[in-house]
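Every number in this text was worked out from the coordinates using simple rules, so none of it is lab data. Here the structure is a predicted model, which means the values were calculated and not measured. A quick note on method: Cβ atoms are made from the backbone with ideal geometry, for glycine too, and the neighbour counts reach across all protein chains shown.
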Amino acid sequence: MAGLWFDELTVGQTFDHAIRRTVTETDNLLFSTLTHNPAALHLDAEAMKGSDYGRIIVNSTFTLGLMVGVSVGDTTLGTAIANLGWDEVRFPAPVFIGDTLRIETEVADLRESKSRPNAGIVTFIHRAYNQRGELVATCKRSGLQRKKPA
């Protein structure tokens, strides 16, 4: 099991995840169509030539999902009980097809669960950077995490 127990996490702990991911046209196309998002800015290269960006912008919910997904192996794989929510989701710069994303995660808060003595609530801050080091996405995520068995 790769994930950490609630007891093994500390506030301020930071993970620079080893997995890097180059976003492909197929990623964006499949995600946009699977989620029924027909926006031209994600699917129409010709229409986007005349836009402020001059090209397709990757679907931001794909970016969010990738950012959180990359973090799982180092933080919550096998130790998470539930994802409780995402807050303060921001996309300060666009992601384009061909961008390679690097993800880091910081433990922002830890607190005991009031209803589950075998678990605690963790607040993570996830950040995604492109290959130029530009911050392209960030969010706070709260999760219910198992404590190490006695």
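Just a few scattered comments:
- C-alpha long axis of helix 60-75 to longest principal axis of the chain, angle in °: 30
- Computed label-point distance, nm, for sites THR22 and LEU84 using a 7 Å Cα→Cβ extension: 3.9
- Cβ-Cβ FRET estimate between GLU8 and THR100, R0 fixed at 35 Å, reported to 0.05: 0.75
- Translational diffusion coefficient (Stokes-Einstein; Kirkwood radius from C-alpha pairs) of the chain at 4 °C, 1.567 mPa s, in µm²/s: 79
- Calculated SAXS-style log₁₀ I(q)/I(0) at q = 0.20 Å⁻¹ - segment 66-132, Debye, Cα scatterers: -0.90
- Listed by chain and number, the lysines placed with their C-alpha closer than 25 angstrom to that of LYS148 are LYS114, LYS140; residues fewer than eight positions away on the same chain are left out.
- Cα long-axis angle, helix 25-34 against the chain (0 to 90 degrees, to the nearest 10): 70
- Spacing of the modelled spin labels on GLU134 and LYS114, each 7 Å from Cα toward Cβ, amounts to 4.4 nm.
- Helical mean residue ellipticity (222 nm; -39500 (n - 2.57) per DSSP H run of 4+; nearest 500) of the chain: -6500 deg cm²/dmol
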